[in-house]
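Computed from the coordinates by the stated procedures, all read-outs in this text should not be read as laboratory data. Keep in mind the model is a prediction, meaning the values are calculated, not measured. Cβ coordinates were reconstructed from backbone atoms using ideal geometry, including for glycine residues, and neighbour counts include every protein chain displayed.
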Amino acid sequence: MELSQKQGVVTLRPRAMQFLIDELPLLLICLAGLVYGGMEGMPLAKVATLLAILLSLILAYRYIYLKRISYQVTTEQLTAKHGVLQRSVDYIELYRIVDFHENQTLMQQIFRLKTVTVLSTDRSTPKLNLIGLSERDNIVEIIRERVEYNKQRKGIYEIANH
């Protein structure tokens with residue numbers, strides 16, 4: 001994750017290691033296909049090579065997709081930009097955020113990454129996963145402080161039934 005903060009804007013990007021975590025099985029299959037395809041005299045070696053090349057193209061697209069993801073926390077909004085051929089931007093007003101959840105798979109624990117889930121009352125984006133963030137960065141605290149500030153500024157109070 002790249003964490004940069006200027007003029008009150010925090011920009012986050014997933015770490016490249018998240019790609020390895022997400023795509024490890026496909027990377028291994030691709031490598032096995034290339035190795036098998038390179039062996040002389042093996043049945044269907046050309047098919048294995050062709051499938052490995054196609055799988056490599058899919059993996060390249062997924063890597064580019066991951067590297068093009070960015071999250072920005074401004075003073076009033078959380079935005080998530082994603083996409084390669086078609087870019088999309090999801091907006092969540094900070095005062096609509098109601099809860100957070102941090103999760104680490106075993107592989108994320110090994111590589112010191114995490115996924116932060118932001119839950120909101122936003123109709124189009126009630127749940128947003130911020131994937132591949134460094135476990136050292138306490139982005140939840142930054143967002144939480146800004147959420148509380150925006151709720152106070154707009155006079156929004158949460159009423160909960162237990």
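Could you please rank H82, H101, placing first whichever residue has the fewest other Cβ atoms within 10 Å of its Cβ?
Final ranking by Cβ density, sparse to dense: H101, H82.
For the residues L78, L34, what sequence is obtained by ranking on other C-beta atoms within 10 Å, fewest first?
Listing L78, L34 from fewest to most nearby Cβ atoms yields L34, L78.
Calculated from DSSP H runs of 4 or more alone, at -39500 (n - 2.57) each and per residue, what is the 222 nm mean residue ellipticity of the chain, nearest 500?
Rounded to the nearest 500, the figure is -13500 deg cm²/dmol.
Within 14 Å, Cβ to Cβ, of P126, how many net charges do the neighbouring residues add up to if Lys/Arg are +1 and Asp/Glu are -1?
Residues close to P126 contribute a combined charge of -1.
Multiply the residue gap between V140 and T117 by 0.36 nm, knock off their C-alpha separation, and tell me the result in nm, one decimal place.
The span from V140 to T117 would gain 7.3 nm if fully extended.
Pop out the ³J(HN,Hα) list for the range 82-89 in order, Karplus 6.51 cos²θ - 1.76 cosθ + 1.60 with θ = phi - 60°, rounded to Hz; leave Gly and Pro as x.
Once rounded to whole Hz, the list reads 8, x, 10, 7, 10, 8, 10, 10.
Checking the a/c ratio against 1.5 first, then a/b against b/c, what shape does the Cα gyration tensor give for the range 1-84?
prolate
What list of ³J(HN,Hα) values in whole Hz, one per residue of the range 34-40 in order, does the Karplus curve 6.51 cos²θ - 1.76 cosθ + 1.60 (θ = phi - 60°) give from phi, with Gly and Pro shown as x?
Rounded to whole hertz, the list is 5, 5, 4, x, x, 7, 6.
Relative to the longest principal axis of the C-alpha atoms of the chain, give the angle of the C-alpha long axis of helix 45-67, reported between 0 and 90° and rounded to the nearest 10°.
20
Could you go through the range 70-78 in sequence order and give the Karplus-derived ³J(HN,Hα) for each residue, using 6.51 cos²θ - 1.76 cosθ + 1.60 with θ = phi - 60°, rounded to whole Hz, and x for Gly and Pro?
9, 10, 10, 10, 9, 6, 10, 9, 10
Using a ≥ b ≥ c from the Cα gyration tensor of the chain (square roots of the eigenvalues), is it rounded, prolate or oblate, where a/c under 1.5 gives rounded and otherwise the larger of a/b and b/c decides, a/b for prolate?
Cα axes put the chain in the prolate bin.
How far, in degrees from 0 to 90, does helix 139-154 lean away from the longest principal axis of the Cα atoms of the chain, to the nearest 10?
Once rounded, the angle reads 40 degrees.
Got a sec? How would M39, M17, M107 order by Cβ neighbour count within 10 Å, fewest to most?
If I rank by nearby Cβ atoms, fewest first, I get M39, M107, M17.
If you place +1 on the Cβ of every Lys and Arg, -1 on the Cβ of every Asp and Glu, and leave all else neutral, what size is the dipole of the chain about its Cα centre, to the nearest 20 Debye?
I would put it at about 360 debye.
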